[in-house]
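First the structure, in the form of structure tokens, and then the observations on it.
The values are calculated or read from the model by the stated rules, or taken from the named source; none is laboratory data. All figures in this text were calculated on a predicted structure; none of them were measured in a lab. We place every Cβ from the backbone using ideal geometry, glycine too, and count neighbours over all the protein chains shown.
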Amino acid sequence: MTYEALLKIAYKKTNTHNKEEEAAKLLLMELSNQEPHQFFTNLKSEVPKTLEIDFLNKLDQYLVSNIPVQHLIGHSYFYGYKFKVNQHVLIPRGETEQLVEHVLYYYDKYFIDQKIIVLDLGTGSGCIGIALSLEEENMNVTVSDISEEALKVAKDNQHDLKANVKIIQSDLFENISDAFDIIVSNPPYIPDTESVQDIVSKEPKVALYGGLLGVDFYEKIITNSKNHLKEHSLIAFEHGFQQKQRIFEIAKKHFPNAHIVQVKDLAGKDRFTFIGLGNVLDLE
């Protein structure tokens, strides 16, 4: 059977189960250990029987058991880098790549060529902090998480990507004493009463739910960050579109003189809040 024929079978199965064709294609491409250009060039080539069996087995795990494809292949791509993921960490999303992009933009605008220290709070797989450290060598990055299992994944990614980041196990600021130029966080923000898709439910609940309104962690971070920020500094958040106003109010309460910028994601949803202290964001 050719790759093309196998994909047609897979697409029929995904449509029957109301799942994504792109997920099936990604699964086959990654299991075949081919680069995208090689995969598409070889669509009419024969699939090794062992690969065909492995693919159909894992496809059923995705379709029937709702196991994310990224867990089945053991990795996900984020900001051009390959990150190990498993059931202990949140699978990186495209919106979070936009958060990294915004932080790098603000670095270039307000800290350009300065050596700064950055904290990625609630790092999970380490994707935000590691990507920032790899993209900007002037960032001395610390990544932290309460989950020991998550930090094992972050350490693997640090090693595999040869990233120069410091890893700390901490419940928010509990084990953190430094003051930072930038604190970036994508904390849990799904309201406790909100249901999620079956496939999302396979990800760690500790990385998903953020209290009744989904803002508990933002309030804790903003409230406790004062002793961990330099005079000229930035807090950068990703959040749910319905939490924009509440996070703005919390930020204004604790940092009345801050410059606050709120930005939509590429889908047009309110997704990011940036809190600038001192001269940071004063030009926005």
**Request:** Exactly one condition in (1) assigned to a helix (DSSP H, G or I); (2) in the same structural domain as GLU219 (by TED's automatic domain parsing) is not met by TYR62; state its number.
**Result:** (2)
**Residue count, region 36-73 (criterion: modelled with pLDDT of 95 or more and small (Gly, Ala, Ser))** = 1
**Request:** Might you check whether a residue that is closer than 27 Å to LYS269 by Cα, touching a Leu at 6+ places or on another chain (Cβ under 7 Å) and not charged (D, E, K, R) occurs anywhere in region 69-76?
**Result:** yes
**Asked** GLN243 is checked against (1) crowded, with 21+ Cβ neighbours inside 10 Å; (2) in a loop (DSSP other than H, G, I, E, B) and fails just one. What number does that condition carry?
**Response** (2)
**Request:** Examine region 124-135 for a residue that is over 25 Å from ARG271 (Cα atoms), buried (at least 23 other Cβ atoms within 10 Å of the Cβ) and either among the aliphatic types (A, V, I, L, M) or free of Cβ contacts under 8 Å to residues at least 60 places away in the same chain (or both), and state whether such a residue exists.
**Result:** no
**Request:** Kindly indicate whether HIS102 is outside any helix (DSSP H, G or I) and not assigned by TED's automatic domain parsing to the domain that holds GLU20.
**Result:** no
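The rows are residues; the columns are (1) touching a helix residue (DSSP H, G or I) at 6+ places or on another chain (Cβ under 9 Å); (2) assigned by TED's automatic domain parsing to the domain that holds LEU104.
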residue	(1), (2)
PHE237	yes, yes
GLN242	no, yes
ILE250	yes, yes
HIS254	yes, yes
ILE260	yes, yes
VAL263	yes, yes
ALA267	yes, yes
PHE272	yes, yes
ASP282	yes, no
**Asked** Regarding HIS88, is this residue in contact with a Lys or Arg (Cβ under 9 Å, 6 or more places away or on another chain), within 30 Å of THR142 (Cβ to Cβ) and part of a helix (DSSP H, G or I)?
**Response** no
**Message:** So for region 177-189 (the condition being assigned to a helix (DSSP H, G or I) and either at pLDDT 95 or above or out of contact with any strand residue (DSSP E or B) (no Cβ under 7 Å at 6 or more places or on another chain) (or both)), does at least one residue qualify?
**Reply:** no
**Prompt:** Can you name the residue in region 17-59 that is outside any loop (DSSP other than H, G, I, E, B) and hydroxyl-bearing (Ser, Thr, Tyr) and, of all such residues, is surrounded by the most Cβ atoms within 10 Å (Cβ to Cβ)?
**Reply:** THR41
**Message:** Please verify whether ASP108 is assigned to a loop (DSSP other than H, G, I, E, B), assigned by TED's automatic domain parsing to the domain that holds LEU151 and among the acidic types (Asp, Glu), treating the condition exactly as stated.
**Reply:** no
